[in-house]
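A.B. asks: Have a look at the structure that comes next, please.
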2 protein chains.
Amino acid sequence: MSTASLAFSGAGPIAAATRQRVLDAAAALDYSGPNPLGRQLRRGRSGIVGVVVGDSLRRSFRDPVAIQVLDGLVSTLGPLDLGVLLIPGSSDPSGPAVDPLLETAAMDVAVIMWGGTTDDPMLGALRRRGTPTVLVEGQHAPDVASVGIDDRGGMRQATEHLLELGHTRIATVTLPFDRCRGEGLVSPDEMDHLSWEITRRRLAGVTDAGVTPVAIWATPASLVEHGRSAGVALLTGADRPTAIACQSDLLASGVVLAARELGLRVPEDVSVSGFDGLDLPWLAPDVLTTVVQPLAEKGAAVGHAVEDFLSGAGPSTRELPVTLRIGTTTGPAPDVS
Amino acid sequence: MSTASLAFSGAGPIAAATRQRVLDAAAALDYSGPNPLGRQLRRGRSGIVGVVVGDSLRRSFRDPVAIQVLDGLVSTLGPLDLGVLLIPGSSDPSGPAVDPLLETAAMDVAVIMWGGTTDDPMLGALRRRGTPTVLVEGQHAPDVASVGIDDRGGMRQATEHLLELGHTRIATVTLPFDRCRGEGLVSPDEMDHLSWEITRRRLAGVTDAGVTPVAIWATPASLVEHGRSAGVALLTGADRPTAIACQSDLLASGVVLAARELGLRVPEDVSVSGFDGLDLPWLAPDVLTTVVQPLAEKGAAVGHAVEDFLSGAGPSTRELPVTLRIGTTTGPAPDVS
DNA sequence: CTTCCGTATCGAATCGATTCGATCGTGCGC
DNA sequence: GCGCACGATCGAATCGATTCGATACGGAAG
């Protein structure tokens, strides 16, 4: 048995003749090579990284941001002989709080893609199991690794850019506030229920720039259609804002489309800024002013955090820089009469 | 030990008091519940379905078709306590032909999403390992399960629709021909190198309708940009076609955009048909004439094929129907003078 | 011819849970 | 009061590969 193991794994000394003899015998018995489960049990490692993608796959994967990060992650994990197991996030509130896979699947490390809420039941389940966890864009905790970007600083830069252009009536369109994913204007007392960390940080960036938004509109997800309805709502009311800072490019492009539909010129009548730095060909000829984050690098950073755990190091923290890219969707504030 | 097992699994008779005593002891020893690897080894099942998504994740996941099928699959597999392991397809020809995960990862069943080429090295690797395999849109083989749609009939319907509108000069834009993914007009002798089954079938549908395309343009992937360049090429030459039947909606919408850019009216100057039945909001106000395939059901069908394997049944074959949806992008052929 | 050394092969324990059969204890019926 | 039956608990084998220590075999040096 041990010789056969050597013959297949190649580790340890073995005569070429013996190796061949083992391989022939294997073929005769149609033994198809070592069973991964045995190896994994013995090694104490499954070689699997569980990745929790936001709610339903369909919704998550419509977001190019998620996909590009996932792509960067898989590219980094591949050479380490690690596989990615897809774990759906908690989709509907009526069902179980965490997917059963999170409780029972074999995985060496877990990644929560949109870290989100501070009291996440998924995080609790993973702690209970003792699974090392990497949190992307979540609230930092001492026992988890964190990967994030400078959300706050980026949003501050974008807002300052709008200020420099002379805007004073600035509205903002945000990512979801909490798991309920309500849509609409946010009243002051709802600000307390802001459990989604990424939303909080980007909102804080606006405040950092010294701006109090004339309106805060929360969306259920980062999708063009939600940006569009936000845009319609914000741009048809009285006291129209002259600039709208959005927390994602998809939302921003929805707002631009809404403005066009309403007969408003961008950026002459209203300026719009985004966040992420996606390619948005269908906005042509406009180019969105946005905060560019390094998406593939973010995925790679997650991969390195995973690597750290597997090499025995403790939880690590990585923050990636962002840069402001000025496009054609922001311009000087219109004269107010 | 056996009592502890019973206490955790819940199977078999156990007194509530004993159960509690076991749980307390577990907490005291900070034992975090049964190790999945042990269970999997004993059961002989990993609970994992390996899914090979076309080449690089980034490219695959930009295709809404892939995502919707994957979503349907995950939804079906979830209740069966099965997880999806992402396996990148062979991305570049210089690297290894199959991803190492395909050779070494533990999985009960494998799914090849875009079955593609007849001599697929991945299929060989899976056969060698003895892993039951589900092929989506691939060439049927006796030892694999197949899930597909009526590609040929659907394309035939779309082409017949164009014929009824009086079109005689019909061009077609196809999915990739082989792993090399060349782009451009297809010469007759290249037809022999058509190793991608889905492309072959949809092309056969055109022929079934009695049409010999005036031009066949192959693309490297089902993306809007490739449709656009195909459209530009086909619509600027002499002897412009009056109708273009495309093998995917993304390609078709690229062709529509190209036509608009060239100042051609759709459908007055040129009719365009697609395949898939996606929502394409950015084509508004146009609605694409297309062959609608049930994407989520396709994913579910894959899930059922997996289920069949796990319940001991042999490889099954499923073919789903398609329907022609007439939109606003096809109309009567213009008068030829 | 004996001894020593290095290489190739073999034995056996181990990873952790499951599960069938065996044992133990108790309550009930006769 | 005795035996039987049933329900709860325990022992031990098993899944399959890995790996450390031990053994056997070959040649080379003394």
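The values are calculated or read from the model by the stated rules, or taken from the named source; none is laboratory data. From a predicted model like this one, the values you see are computed outputs, not experimental measurements. We place every Cβ from the backbone using ideal geometry, glycine too, and count neighbours over all the protein chains shown. Heavy atoms of the whole protein, side chains included, go into the accessibility calculation; ligands, DNA and RNA do not. Shrake-Rupley method; radii C 1.70, N 1.55, O 1.52, S 1.80 Å.
A.B. asks: Is there a residue being within 14 Å of chain A (Cβ to nearest Cβ) and touching a residue at least 60 places away in the same chain (Cβ under 8 Å) anywhere in the stretch B:243-252?
C.D. replies: First pass over the stretch B:243-252, keeping only residues within 14 Å of chain A (Cβ to nearest Cβ): B:250.
Retained after the next criterion (residues that are touching a residue at least 60 places away in the same chain (Cβ under 8 Å)): B:250.
Yes, the stretch B:243-252 contains at least one residue that is within 14 Å of chain A (Cβ to nearest Cβ) and touching a residue at least 60 places away in the same chain (Cβ under 8 Å).
A.B. asks: I would also like to ask the following. Scan A:V109, A:V51, A:V84 and give me the residue that is surrounded by 20 or more Cβ atoms within 10 Å (Cβ to Cβ) and more than 10 Å from chain B (Cβ to nearest Cβ). Can you show your working first?
C.D. replies: Details: A:V51 fails: more than 10 Å from chain B (Cβ to nearest Cβ); A:V84 fails: more than 10 Å from chain B (Cβ to nearest Cβ).
Among A:V109, A:V51, A:V84, only A:V109 is surrounded by 20 or more Cβ atoms within 10 Å (Cβ to Cβ) and more than 10 Å from chain B (Cβ to nearest Cβ).
A.B. asks: Taking B:P132 and the conditions (1) facing another protein chain (nearest Cβ under 9 Å); (2) at pLDDT 95 or above, which numbered condition does it fall short on, given that it satisfies the others?
C.D. replies: With respect to (1) facing another protein chain (nearest Cβ under 9 Å); (2) at pLDDT 95 or above, B:P132 is out only on (1).
A.B. asks: Can you spot a residue in the stretch B:74-81 that is within 11 Å of DNA strand D (Cβ to nearest atom), modelled with pLDDT of 85 or more, within 20 Å of B:D108 (Cα to Cα) and in a helix (DSSP H, G or I)?
C.D. replies: Of all residues in the stretch B:74-81, those within 11 Å of DNA strand D (Cβ to nearest atom) come to none.
For the stretch B:74-81, residues within 11 Å of DNA strand D (Cβ to nearest atom), modelled with pLDDT of 85 or more, within 20 Å of B:D108 (Cα to Cα) and in a helix (DSSP H, G or I): absent.
A.B. asks: Taking the criterion of being within 13 Å of DNA strand C (Cβ to nearest atom) and either part of a loop (DSSP other than H, G, I, E, B) or farther than 26 Å from A:G277 by Cβ (or both), would at least one residue in the stretch A:59-73 satisfy it?
C.D. replies: Looking through the stretch A:59-73, none of the residues is within 13 Å of DNA strand C (Cβ to nearest atom) and either part of a loop (DSSP other than H, G, I, E, B) or farther than 26 Å from A:G277 by Cβ (or both).
A.B. asks: Which one of these does B:P142 not meet: (1) part of a helix (DSSP H, G or I); (2) more than 20 Å from the chain's Cα centre (by Cα)?
C.D. replies: Unmet for B:P142, out of (1) part of a helix (DSSP H, G or I); (2) more than 20 Å from the chain's Cα centre (by Cα): (1).
A.B. asks: Could you please give the count of residues in the stretch A:31-42 that are more than 8 Å from chain B (Cβ to nearest Cβ) and buried (at least 17 other Cβ atoms within 10 Å of the Cβ)?
C.D. replies: Qualifying residue count for the region: 1.
A.B. asks: Let me ask something additional. Of B:M107, B:M122, which residue is under 25 Å from A:I87 (Cβ atoms), outside any helix (DSSP H, G or I) and touching a helix residue (DSSP H, G or I) at 6+ places or on another chain (Cβ under 9 Å)? Outline the logic, then answer.
C.D. replies: Details: B:M122 fails: outside any helix (DSSP H, G or I).
The unique qualifying residue is B:M107.
A.B. asks: With respect to B:R45, is the statement that it is modelled with pLDDT of 90 or more, part of a loop (DSSP other than H, G, I, E, B), more than 7 Å from chain A (Cβ to nearest Cβ) and closer than 30 Å to B:A300 by Cα true? Even if it seems obvious, please write down each step before you answer.
C.D. replies: Values: modelled with pLDDT of 90 or more: yes; part of a loop (DSSP other than H, G, I, E, B): yes; more than 7 Å from chain A (Cβ to nearest Cβ): yes; closer than 30 Å to B:A300 by Cα: yes.
Yes: the conditions hold for B:R45.
A.B. asks: Give me a count of the residues in the stretch B:15-43 that are near DNA strand C (Cβ under 10 Å from one of its atoms) and free of Cβ contacts under 8 Å to residues at least 24 places away in the same chain. Give the derivation first.
C.D. replies: Step one: filter the stretch B:15-43 for residues near DNA strand C (Cβ under 10 Å from one of its atoms), giving B:26, B:31-43.
So of that shortlist, the ones also free of Cβ contacts under 8 Å to residues at least 24 places away in the same chain come out as B:26, B:31-32, B:35-39, B:41-43.
So the count comes out to 11.
A.B. asks: Still on this structure, I have one more. I need the full set of residues from the stretch A:54-81 which are within 14 Å of the chain's Cα centre (by Cα) and more than 8 Å from chain B (Cβ to nearest Cβ), in order please.
C.D. replies: A:G54, A:D55, A:R59, A:S60, A:D63, A:V65, A:A66, A:V69, A:G72, A:L73
A.B. asks: Quick check on the stretch A:243-265. Is at least one of its residues among the hydroxyl-bearing types (S, T, Y), modelled with pLDDT of 90 or more and surrounded by 24 or more Cβ atoms within 10 Å (Cβ to Cβ)?
C.D. replies: So the first thing to find is which residues in the stretch A:243-265 are among the hydroxyl-bearing types (S, T, Y), and the list is A:248, A:253.
Narrowing further to those that are modelled with pLDDT of 90 or more: A:248, A:253.
Within this subset, residues satisfying the condition of being surrounded by 24 or more Cβ atoms within 10 Å (Cβ to Cβ) are A:248, A:253.
Taking every residue of the stretch A:243-265 in turn, at least one turns out to be among the hydroxyl-bearing types (S, T, Y), modelled with pLDDT of 90 or more and surrounded by 24 or more Cβ atoms within 10 Å (Cβ to Cβ).
A.B. asks: Tell me yes or no: at least one residue of the stretch B:282-292 is part of a helix (DSSP H, G or I), open to solvent by less than 40 Å² (accessible area, probe 1.4 Å) and among the charged types (D, E, K, R). Before the answer, list the steps.
C.D. replies: First, the residues of the stretch B:282-292 that are part of a helix (DSSP H, G or I): B:282-283.
From what's left, open to solvent by less than 40 Å² (accessible area, probe 1.4 Å): B:283.
Imposing the further condition that a residue be among the charged types (D, E, K, R) reduces the set to none.
Within the stretch B:282-292 (the criterion being part of a helix (DSSP H, G or I), open to solvent by less than 40 Å² (accessible area, probe 1.4 Å) and among the charged types (D, E, K, R)), the answer is no, since none of the residues qualifies.
A.B. asks: Report the residue count in the stretch A:252-281 for those that are part of a helix (DSSP H, G or I) and within 26 Å of A:Q68 (Cα to Cα). Show your work before the answer.
C.D. replies: Within the stretch A:252-281, the first condition is being part of a helix (DSSP H, G or I), and the residues that meet it are A:252-261, A:281.
From the residues that got through so far, the ones that are within 26 Å of A:Q68 (Cα to Cα) too are A:252-257, A:281.
Matching residues across the stretch A:252-281 total 7.
A.B. asks: With respect to B:I67, determine if the residue is farther than 27 Å from A:R39 by Cβ and open to solvent by 20 Å² or more (accessible area, probe 1.4 Å). Before the answer, list the steps.
C.D. replies: Values: farther than 27 Å from A:R39 by Cβ: yes; open to solvent by 20 Å² or more (accessible area, probe 1.4 Å): no.
No; evaluated as a whole, the condition is false for this residue.
A.B. asks: From B:A11, B:A4, B:A16, which residue is more than 9 Å from every other protein chain (Cβ to nearest Cβ), open to solvent by less than 50 Å² (accessible area, probe 1.4 Å) and within 16 Å of DNA strand D (Cβ to nearest atom)? Walk me through how you get there before you give the answer.
C.D. replies: Details: B:A11 fails: open to solvent by less than 50 Å² (accessible area, probe 1.4 Å); B:A16 fails: open to solvent by less than 50 Å² (accessible area, probe 1.4 Å).
The unique qualifying residue is B:A4.
A.B. asks: Whether any residue in the stretch B:305-328 is open to solvent by less than 10 Å² (accessible area, probe 1.4 Å), among the hydrophobic types (A, V, I, L, M, F, W, C) and outside the structural domain of B:I170 (by TED's automatic domain parsing) is what I want to check. Give the derivation first.
C.D. replies: Step one: filter the stretch B:305-328 for residues open to solvent by less than 10 Å² (accessible area, probe 1.4 Å), giving B:305-306.
Retained after the next criterion (residues that are among the hydrophobic types (A, V, I, L, M, F, W, C)): B:305-306.
Subsequent filtering for residues that are outside the structural domain of B:I170 (by TED's automatic domain parsing) retains B:305-306.
So far as the stretch B:305-328 goes, yes, one or more of its residues are open to solvent by less than 10 Å² (accessible area, probe 1.4 Å), among the hydrophobic types (A, V, I, L, M, F, W, C) and outside the structural domain of B:I170 (by TED's automatic domain parsing).
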